[in-house]
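J.: Once you've had a glance at the structure underneath, I'll fire off some questions.
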């Protein structure tokens, strides 16, 4: 048993790391937080790698790099990329940037342009080595594609403190399920995104973005979120 973590934490590690299961109980950031907790309690990177059945400590370092990300984009990171979610690989690459501002910009642009983990790595390389801005580097990488796809990202605030408290008690998977129900209640089907205790992110195509402003979406989502919570 690793120092500093619970039996449930260790079970989450075993079921989430080094597997291709469709459902993993912990998100990449939740795994990173458990690993950091164990390290702070005296475990070594080698201990963690052995527990997670990893060959070497490289992946442990990559998980920990996710903790460099600003808190407000943690829920944008998942195991694989999807509509409204960036892959763990993309998150690890974003974590190499030097400032929270750059990381937030790249995360938002990566969602809008549906960048792959490899493309995010190319953006980071251009930013760090060539001194390009994040925006210019993303534009350069996207221009290399045979076809350009773009979506729109809306970020809104969770209005009520009591709702934020309830959300903070939930896992990422539980919040994702709750957001799906919220979108259905709000009558804005066709959107996807992520939900953190203090904010929500919605991903829309061009047609949907022309139907609602950011303020209108916030006004639709907050009451629907309260109703979805009340129905639990």
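J.: Could you state the number of Å between the C-alpha centres of the range 60-86 and the range 161-186?
T.: Taking the Cα centre of each part, the range 161-186 and the range 60-86 sit 18 Å apart.
J.: Out of 108, 150, 129, any idea which swings most in a Gaussian network model of the chain, alpha carbons joined below 10 Å?
T.: Highest fluctuation of the listed residues: 129.
J.: Thinking of the range 152-230 as a set of Cα atoms, what percent of all their pairs are more than 19 Å apart?
T.: Summing the P(r) tail past 19 Å for the range 152-230 gives 25 percent.
J.: Exposure proxy check: 138, 155 ranked by fewest other beta carbons within 10 Å?
T.: Result, fewest neighbours first: 155, 138.
J.: What does the C-alpha gyration tensor say about the overall shape of the range 1-68? Classify as rounded when a/c is under 1.5, otherwise prolate if a/b is larger than b/c, or oblate.
T.: rounded
J.: I need to check one value: relative contact order of the chain, counting alpha carbon pairs closer than 8 Å and at least 6 residues apart, in percent.
T.: Relative contact order, the chain: 16 percent.
J.: Restricting the count to DSSP beta bridges whose residues both fall in the chain, what percent are antiparallel, rounded to a multiple of 5?
T.: 85 percent
J.: First measure r as the distance between the Cβ atoms of residue 44 and residue 65, then evaluate 1/(1 + (r/R0)^6) with R0 = 30 Å and state the FRET efficiency to the nearest 0.05.
T.: 0.95
J.: P(r) for the chain: what percent of alpha-carbon pairs falls in each 5 Å bin, starting at zero?
T.: For the chain, the pair-distance distribution reads 1, 7, 14, 16, 17, 16, 14, 9, 5, 2, 0.
J.: Something else now. What shape does the range 98-156 take by its C-alpha gyration tensor, where a ≥ b ≥ c are the square roots of the eigenvalues and a/c under 1.5 counts as rounded, a/b above b/c as prolate, and the rest as oblate?
T.: It comes out oblate by the Cα gyration axes.
J.: Between residue 136 and residue 230, what is the label-to-label distance in nm when each label sits 7 Å out along the Cα-to-Cβ direction?
T.: Result for the modelled spin labels: 5.2 nm.
J.: Continuing with the same structure: In percent, how large is the relative contact order of the range 70-150, given Cα pairs closer than 8 Å and 6 or more residues apart?
T.: After rounding, I find 26 percent.
J.: Another question about this same structure. Using a ≥ b ≥ c from the Cα gyration tensor of the range 126-180 (square roots of the eigenvalues), is it rounded, prolate or oblate, where a/c under 1.5 gives rounded and otherwise the larger of a/b and b/c decides, a/b for prolate?
T.: prolate
J.: Springs between alpha-carbon pairs under 10 angstrom, Gaussian network model over the chain: which of 144, 48, 15 fluctuates most?
T.: Of 144, 48, 15, the Gaussian network model singles out 144 as fluctuating most.
J.: Per DSSP H run of at least 4 residues, take -39500 (n - 2.57); add these up for the chain, divide by its residues and hand me the 222 nm value, nearest 500 deg cm²/dmol.
T.: The helix contribution divided over the chain gives -16000 deg cm²/dmol.
Values in this text are rule-based calculations from the coordinates and carry no lab data. These numbers were taken from a predicted model, which means no experiment stands behind them. Please note: Cβ atoms are built from the backbone with ideal geometry, for glycine as well, and neighbour counts cover all protein chains shown.
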